[in-house]
1. What is the distance, in nm, between label points placed 7 Å from the Cα along the Cα-to-Cβ direction at Glu327 and at Thr370?
2. Rounded to whole Å and sorted largest first, what semi-axes of the equivalent ellipsoid does the C-alpha gyration tensor of the chain yield via the square root of 5 times each eigenvalue?
3. Amide H of Gln260 versus every other amide H placed in the peptide plane: which residues, excluding those fewer than 5 positions away on the same chain, fall under 5 Å?
4. Please report, in whole Å³, the volume per residue of the convex hull around the C-alpha atoms of the stretch 33-79.
5. So what are the three principal axis dimensions of the stretch 1-132 from its Cα atoms, in whole Å, longest to shortest?
6. Any chance you could tell me what percent of the C-alpha pair distances in the stretch 217-376 go past 24 Å?
7. Can you work out the Karplus-derived ³J(HN,Hα) for every residue in the stretch 107-114? Use 6.51 cos²θ - 1.76 cosθ + 1.60 with θ = phi - 60°, whole Hz, and x for glycine or proline.
8. Taking all protein chains in place and a 1.4 Å probe, what share, in percent, of the accessible surface of the stretch 25-123 do carbon and sulfur account for?
Amino acid sequence: MHKKPYCLMPFIHLHIGNGGMAKACCVANIPFGNINQQSLEEIWNGDSINLLRAKFLKGETDNRCEICHKLEATGGKSIRMETFENFPQFELKEEIELPVYFDIRFSNVCNFRCRTCWHGASSKWFNDAKTLGTNIGQKAILKNINDFDFFIKKNGTALLQAEEFYFAGGEPLVTEEHYLLLEWLINNKATKARLRYNTNFSKLSFKQYKALELWKHFPKVEILASLDASEDLGEYVRKEMKWEEILKNRKAIDALPHVQFKIAPTISVFNVAHLPILYKQCLDLKMIHPEDIYINILERPNYYNIQILSAKQKEEIAKSYLNSFDETTPLSIKQSFQEILDYMFAKDDSRLWSKFLQETKKLDDLRMETFDLGFQ
């Protein structure tokens, strides 16, 4: 069997998120089972995942993959496309083997209250969420994997042969289970896997654990630092961020040449106009190489989506993006910025602008802060 499926995810990947739900990926709500209630083998060979595989093998799409579809339709690069790039050696076999690409969200433990986040992905959001009536349950910390030792015991065979681990939030670098997993892999001499992080990059140590010491054992570590903006705006969007801490941590990882650092802004109404400034500043500070930016375009909540901007606002942003380019700007950066513009212009959702102002004021009042984004 050598046919290329529409998407690789159900053939190589397992995402574990809220409540232990195993899903196709982090953006599509396609559940396969629950890792706290079923074995990985049951999930990996279950009816739900096999139905999706059969559909993808026919070249068919799934309407639950809407986020990738919308991004690709506007010329952007989706997770589906990235996965083909990251696993070019993939060859479909008669028997679907164990997953080799794991995205494990152990809990919602996080030390930030980012404006575009929520309680389900950040324990720090709990008190604000309770006040706003958007909390999930009555506990700040929501565990996705109930028993770490049991999880390792039941799924160790698959974890030992993994090719890639992707850690995201909550915040992986303040999540103890993340460090326990790295130590377990090191102790079992299973350190060939790539490590990829989506992290707020505020901490490089937690309790007795030191990320830099553990990363020395792995061949490739990629840091996608969730920096939406620099300085005051960055600290406003990602509450609890300290820009100076980010700069200090960036210098610290220079000691490990195999650790690749990229900025990974989530593009929303809050920071879309600031992106050229952030990019240039990170270049000037030698935080990144010219191509080291990974763009995430926010879809939800829809009142933070850049498609809610007015035609005039969009035109001003487009002009500033094009004016930020010069002869040294890599083609990949021009393409990434153009993807943002294409997505922004693809739909007029300006009817939601009043909702954006309402929700922003609500949070401003709660946090006793404000910031002029410069929009007229």
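1. Simple spin-label model gives 4.6 nm for this pair.
2. Equivalent ellipsoid of the chain: 32, 24, 22 Å, largest first.
3. Close amide H contacts, sequence-distant or interchain: Val221, Glu222, Ile223.
4. Looking at the stretch 33-79, the number lands at 95 Å³ per residue.
5. Computed over the stretch 1-132, the largest-to-smallest principal extents equal 54, 39, 25 Å.
6. It works out to 38 percent of all Cα pairs.
7. With coefficients 6.51, -1.76 and 1.60, one gets 6, 9, 4, 8, 9, 10, 10, 5 Hz.
8. Values: 2210 of 4580 Å².
So the carbon and sulfur contribution to the accessible surface is 48 percent.
The values are calculated or read from the model by the stated rules, or taken from the named source; none is laboratory data. Quick caveat: nothing in here was measured; it's all calculated off a predicted structure. Heads up, the Cβs are rebuilt from the backbone with ideal geometry, glycines too, and the neighbour counts pull from every protein chain shown. Accessible surface is based on the protein model in full, side chains and every heavy atom, while ligands, DNA and RNA are left aside. Shrake-Rupley method; radii C 1.70, N 1.55, O 1.52, S 1.80 Å.
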